[in-house]
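What follows is one structure encoded as structure tokens, with my remarks underneath.
The values are calculated or read from the model by the stated rules, or taken from the named source; none is laboratory data. Bear in mind that the values here come from a model prediction, so they are computed numbers and not experimental data. Here the Cβ positions follow ideal geometry from the backbone for every residue, glycine too, while neighbour counts run over all protein chains shown. Calculation scope for accessible area: heavy atoms of the full protein, side chains included, ligands and nucleic acids excluded. Shrake-Rupley method; radii C 1.70, N 1.55, O 1.52, S 1.80 Å.
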Amino acid sequence: MDLLITYDVETATQAGRNRLRRVAKICEAYGHRVQKSVFEIVCRDADKPRLIAALASAIDHDHDSVRMYYLPPRALDDVEYLGTPRQIDPRGPLVI
């Protein structure tokens, strides 16, 4: 399964900066960085629950967000959110 993972971690505090490093290290274990907060991930279906659990435990769900896009996109609802969702129109254009 191929995923594109993007994240936004609040870094105003030292705890936030620590969370940012943890999220990056988790993503680096599963794929490679293509931008500062964007990773291309290739994992087996069996590995995805472990990846999601690790990310979910690393973020502050009230201040941070993680998005997982399936590659290639199968449908508009193939985006998973962890933490605070950012309001976007999923029907509008998505440029990656």
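Numbers at a glance
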quantity: From Tyr7, Tyr69, residue being part of a strand (DSSP E or B) and either open to solvent by 50 Å² or more (accessible area, probe 1.4 Å) or modelled with pLDDT of 95 or more (or both); calculated: Tyr7
quantity: Subset of the range 10-49 (residues that are of a type in the set (Asp, Glu) and assigned to a helix (DSSP H, G or I)); calculated: Glu28
quantity: Subset tally (residues that are under 17 Å from Tyr70 (Cα atoms), surrounded by 14 or more Cβ atoms within 10 Å (Cβ to Cβ) and not aromatic (Phe, Trp, Tyr)) for the range 10-32; calculated: 2
quantity: Of residues in the range 33-65 being more than 22 Å from Thr11 (Cβ to Cβ) and free of Cβ contacts under 8 Å to residues at least 24 places away in the same chain, the one most open to solvent (accessible area, probe 1.4 Å); calculated: Arg50
